[in-house]
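Peer 1: Below are the structure tokens for one structure; questions will follow.
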């Protein structure tokens, strides 16, 4: 697979690799994909009291496009409100990275990851209120 | 040392410079460029002599009679000609064939085509070590079985089948036996008589010859009949028409002549290199060799690096030329069917890399490659959520993944 420069850049220098405390009530964790399918993404976000994502970390098992998609996603969600972050579309990620058609599913997975992380955060907030 | 380092000899080999030099003599106006079928002048006679000399060399590598060698465009065509040729000729005798799930696509897709034509095919399951159980083969043979087609050496995992035992079985049951030897010529000794084989497919470009040329051995004693698949001028005793590609044939002949001379020494050297390679990696956690290590050609090592996806590892190893069983390196998004067939879980198939070593691989290259692989594996594992979970002692099989 020959990739564009943006995928290679994110692959060689992935941004925001790491782990946040999944038990922290301000942290939402989204893990999507499956080892048998060849890709698993774990995206974590830390949300401040204003509902703004102030930190995002990821780890990804997968091909170059999967790693690049999740790395780019962490850059995009930081500083966004949950509402704004939830609106990120896989097509925008795919376009930015110039993913080849056979790799579009990697950007779909990244979109699922942010949605899952937001949902996890919101579920936790519900639990704390109750 | 040149970068990138070529460790994909199972995909193709470079043409040996000695072979290339010889091929050059059969192309230009000052060379022997004639059509070997031209019977009326020196140009044709010279070309024909060269083709026949090459035929002797190819036959010698498998201890066959040169008259039993039919030139083809490669192993794919040889597989097609052998399997379809036998099936079409003997279909009144029976319409059942046997092969295995780990064969090359040239065999599998040919069998699929025959199924569409009304033949029945049994696809044997290999054992977890990649080899076919002789008893299972024996049980699969029926009264209407006309052909067994099995490979000598597997292209992905390099395991060597016991062809002699299979040949003894098929001969005793009166069933024809075709062997795809694309990956074994020059690596494992082949003797058509000791092995009791009826048809053998061969390729030049896996054995330091040029691409675009191969051969099919078709036994004449006892006689094996095949229906031609390419019709025309009646070349190759009517079995494969088409003007012979003299320079390609000369290349294959010279490559196979050298293979016979140098095989023993070369395999010893390659085994030492492979051991050196494996010794440098084997203490890494959670890595697995795919396929039997003992019954295996010296030049192949197929390793799964758990928790690291194959394509991303290939990207990280851009100074190496290797191939992966990961879906992400194929258009189909399916991981290697060979690794699946030997029972490897999909996640290990996605994490597999095939390293294949050959004539021009050096110890210096191996020593360069080992620390490179180690550091990239560690880097990608640091990036892998699965590695984190493994380190935390979580059994990944207990997690409910959302398959997509």
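Peer 1: Do you know which residues across segment A:24-36 are within 11 Å of chain B (Cβ to nearest Cβ) and either over 30 Å from residue B:349 (Cα atoms) or more than 10 Å from the chain's Cα centre (by Cα) (or both)?
Peer 2: Matches in segment A:24-36: A:33, A:34, A:35, A:36.
Peer 1: On to the next question. In this structure, is residue B:303 surrounded by fewer than 23 Cβ atoms within 10 Å (Cβ to Cβ) and part of a strand (DSSP E or B)?
Peer 2: Working: surrounded by fewer than 23 Cβ atoms within 10 Å (Cβ to Cβ): yes; part of a strand (DSSP E or B): yes.
Answer is yes for this residue.
Peer 1: Can you name the residue in segment B:318-351 that is assigned to a loop (DSSP other than H, G, I, E, B), in contact with a helix residue (DSSP H, G or I) (Cβ under 6 Å, 6 or more places away or on another chain) and within 30 Å of residue B:1 (Cα to Cα) and is also modelled with the lowest pLDDT among such residues?
Peer 2: Within segment B:318-351, the subset assigned to a loop (DSSP other than H, G, I, E, B) is B:318-319, B:322, B:325-326, B:330-336, B:342-345, B:351.
Imposing the further condition that a residue be in contact with a helix residue (DSSP H, G or I) (Cβ under 6 Å, 6 or more places away or on another chain) reduces the set to B:325-326, B:333-336, B:351.
From what's left, within 30 Å of residue B:1 (Cα to Cα): B:325-326, B:351.
Details: B:325: 79, B:326: 75, B:351: 93.
Ranking the candidates gives B:326 first.
Peer 1: Would you confirm, using the coordinates I've provided, whether residue B:220 is touching a strand residue (DSSP E or B) at 6+ places or on another chain (Cβ under 9 Å), surrounded by fewer than 19 Cβ atoms within 10 Å (Cβ to Cβ) and not in a strand (DSSP E or B)?
Peer 2: Numbers: touching a strand residue (DSSP E or B) at 6+ places or on another chain (Cβ under 9 Å): no; surrounded by fewer than 19 Cβ atoms within 10 Å (Cβ to Cβ): yes; not in a strand (DSSP E or B): yes.
It is false that residue B:220 is touching a strand residue (DSSP E or B) at 6+ places or on another chain (Cβ under 9 Å), surrounded by fewer than 19 Cβ atoms within 10 Å (Cβ to Cβ) and not in a strand (DSSP E or B).
Peer 1: Could you check segment A:48-82 and list, in sequence order, the residues that are outside any helix (DSSP H, G or I), surrounded by 24 or more Cβ atoms within 10 Å (Cβ to Cβ) and either more than 8 Å from chain B (Cβ to nearest Cβ) or at pLDDT 95 or above (or both)?
Peer 2: Going residue by residue through segment A:48-82, those that are outside any helix (DSSP H, G or I) are A:48-63, A:78-81.
From the residues that got through so far, the ones that are surrounded by 24 or more Cβ atoms within 10 Å (Cβ to Cβ) too are A:53, A:56, A:58-63.
Listed by number, the residues that qualify are A:53, A:56, A:58, A:59, A:60, A:61.
Peer 1: Can you name the residue in segment B:332-342 that is touching a residue at least 60 places away in the same chain (Cβ under 8 Å) and within 14 Å of another protein chain (Cβ to nearest Cβ) and, of all such residues, is farthest from residue B:321 (Cα to Cα)? Full working, then the answer.
Peer 2: Here is the first cut: in segment B:332-342, the residues touching a residue at least 60 places away in the same chain (Cβ under 8 Å) are B:336-339, B:341-342.
So of that shortlist, the ones also within 14 Å of another protein chain (Cβ to nearest Cβ) come out as B:336, B:339.
Values: B:336: 18, B:339: 20 Å.
Only one residue tops the list, namely B:339.
Peer 1: In segment B:352-368, how many are out of contact with any helix residue (DSSP H, G or I) (no Cβ under 9 Å at 6 or more places or on another chain) and surrounded by fewer than 21 Cβ atoms within 10 Å (Cβ to Cβ)? Step through it out loud before you land on a result.
Peer 2: Looking only at segment B:352-368, we keep the residues that are out of contact with any helix residue (DSSP H, G or I) (no Cβ under 9 Å at 6 or more places or on another chain), and these are B:354, B:356, B:360, B:364, B:368.
Subsequent filtering for residues that are surrounded by fewer than 21 Cβ atoms within 10 Å (Cβ to Cβ) retains B:360, B:364, B:368.
Adding up the residues that qualify gives 3.
Peer 1: Would you be able to say whether some residue in segment B:100-107 is surrounded by 21 or more Cβ atoms within 10 Å (Cβ to Cβ), in a loop (DSSP other than H, G, I, E, B) and out of contact with any strand residue (DSSP E or B) (no Cβ under 7 Å at 6 or more places or on another chain)?
Peer 2: Scanning segment B:100-107 turns up at least one residue that is surrounded by 21 or more Cβ atoms within 10 Å (Cβ to Cβ), in a loop (DSSP other than H, G, I, E, B) and out of contact with any strand residue (DSSP E or B) (no Cβ under 7 Å at 6 or more places or on another chain).
Peer 1: Are any residues in segment A:1-16 outside any helix (DSSP H, G or I) and either touching a residue at least 40 places away in the same chain (Cβ under 8 Å) or buried (at least 16 other Cβ atoms within 10 Å of the Cβ) (or both), and if so, which ones?
Peer 2: Residues of segment A:1-16 outside any helix (DSSP H, G or I): A:1-4, A:13-16.
Residues satisfying the conditions are A:1, A:3, A:4, A:14, A:15, A:16.
Peer 1: Something else now. With respect to residue B:313, is the statement that it is free of Cβ contacts under 8 Å to residues at least 60 places away in the same chain and either within 19 Å of the chain's Cα centre (by Cα) or in a helix (DSSP H, G or I) (or both) true? Lay out the reasoning, then the answer.
Peer 2: On the way: free of Cβ contacts under 8 Å to residues at least 60 places away in the same chain: no; either within 19 Å of the chain's Cα centre (by Cα) or in a helix (DSSP H, G or I) (or both): yes.
So residue B:313 fails the test.
Here is a yes/no grid of residues against (1) more than 30 Å from residue B:108 (Cβ to Cβ); (2) within 13 Å of chain A (Cβ to nearest Cβ):
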| residue | (1), (2) |
| --- | --- |
| B:284 | yes, no |
| B:297 | no, no |
| B:319 | yes, no |
| B:349 | no, yes |
| B:352 | no, yes |
| B:386 | yes, yes |
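Peer 1: Taking segment B:388-404 as the search range and keeping residues that are more than 8 Å from every other protein chain (Cβ to nearest Cβ) and not in a loop (DSSP other than H, G, I, E, B), which one is farthest from residue B:14 (Cα to Cα)?
Peer 2: We begin by selecting, within segment B:388-404, every residue more than 8 Å from every other protein chain (Cβ to nearest Cβ); these are B:389-395, B:397-400.
Remaining after also requiring not in a loop (DSSP other than H, G, I, E, B): B:389-391, B:397-398.
On the way: B:389: 43, B:390: 41, B:391: 43, B:397: 43, B:398: 47 Å.
The selected residue is B:398.
Peer 1: Continuing with this model, one more query. State the number of residues belonging to segment A:17-47 that are more than 24 Å from residue B:314 (Cβ to Cβ) and in a loop (DSSP other than H, G, I, E, B). First the steps, then the outcome.
Peer 2: Of segment A:17-47, the ones more than 24 Å from residue B:314 (Cβ to Cβ) are A:18-31, A:43-47.
Filter once more, keeping what is in a loop (DSSP other than H, G, I, E, B): A:18-26.
Count: 9.
Peer 1: Has segment A:37-47 got any residue that is crowded, with 16+ Cβ neighbours inside 10 Å, farther than 21 Å from residue A:86 by Cβ, within 12 Å of chain B (Cβ to nearest Cβ) and over 14 Å from the mean Cα position of the chain (by Cα)? I'd like the intermediate steps shown before the answer.
Peer 2: Here is the first cut: in segment A:37-47, the ones crowded, with 16+ Cβ neighbours inside 10 Å are A:37-47.
Those left that are additionally farther than 21 Å from residue A:86 by Cβ: A:37-40.
Then drop every residue that is not within 12 Å of chain B (Cβ to nearest Cβ), which leaves A:37-40.
This time we only want the ones that are over 14 Å from the mean Cα position of the chain (by Cα), so: A:37-38.
Yes, because at least one residue in segment A:37-47 is crowded, with 16+ Cβ neighbours inside 10 Å, farther than 21 Å from residue A:86 by Cβ, within 12 Å of chain B (Cβ to nearest Cβ) and over 14 Å from the mean Cα position of the chain (by Cα).
Peer 1: Name the residue, out of B:215, B:182, B:255, B:259, that is part of a strand (DSSP E or B), touching a helix residue (DSSP H, G or I) at 6+ places or on another chain (Cβ under 9 Å) and surrounded by 17 or more Cβ atoms within 10 Å (Cβ to Cβ). Break it down into steps so the answer makes sense when it comes.
Peer 2: Details: B:182 fails: part of a strand (DSSP E or B); B:255 fails: part of a strand (DSSP E or B); B:259 fails: part of a strand (DSSP E or B).
Exactly one of B:215, B:182, B:255, B:259 is part of a strand (DSSP E or B), touching a helix residue (DSSP H, G or I) at 6+ places or on another chain (Cβ under 9 Å) and surrounded by 17 or more Cβ atoms within 10 Å (Cβ to Cβ), namely B:215.
Peer 1: Which residues, counting only those in segment A:5-23, are more than 11 Å from every other protein chain (Cβ to nearest Cβ) and closer than 14 Å to residue A:67 by Cβ?
Peer 2: A:6, A:9, A:10, A:13, A:15, A:16
Peer 1: Which one of A:45, A:67, A:53 is touching a strand residue (DSSP E or B) at 6+ places or on another chain (Cβ under 6 Å) and under 23 Å from residue B:376 (Cα atoms)?
Peer 2: Values: A:45 fails: under 23 Å from residue B:376 (Cα atoms); A:53 fails: under 23 Å from residue B:376 (Cα atoms).
Within the list A:45, A:67, A:53, the selection yields A:67.
Peer 1: Also: So which residues in segment A:83-101 are within 14 Å of chain B (Cβ to nearest Cβ) and surrounded by fewer than 16 Cβ atoms within 10 Å (Cβ to Cβ), if there are any at all?
Peer 2: A:100, A:101
Peer 1: Let me confirm something: among B:67, B:143, which residue is without any contact (Cβ under 8 Å) to a residue 60 or more places away in the chain and surrounded by fewer than 19 Cβ atoms within 10 Å (Cβ to Cβ)? Explain how you work it out, then say what you get.
Peer 2: Values: B:67 fails: without any contact (Cβ under 8 Å) to a residue 60 or more places away in the chain.
Every option except B:143 fails the conditions.
Peer 1: Out of the residues in segment B:369-384 meeting the condition of being more than 9 Å from chain A (Cβ to nearest Cβ) and touching a strand residue (DSSP E or B) at 6+ places or on another chain (Cβ under 7 Å), tell me which one is surrounded by the fewest Cβ atoms within 10 Å (Cβ to Cβ).
Peer 2: B:369
The values are calculated or read from the model by the stated rules, or taken from the named source; none is laboratory data. Quick caveat, the model's predicted, so the values are computed rather than measured. Heads up, the Cβs are rebuilt from the backbone with ideal geometry, glycines too, and the neighbour counts pull from every protein chain shown.
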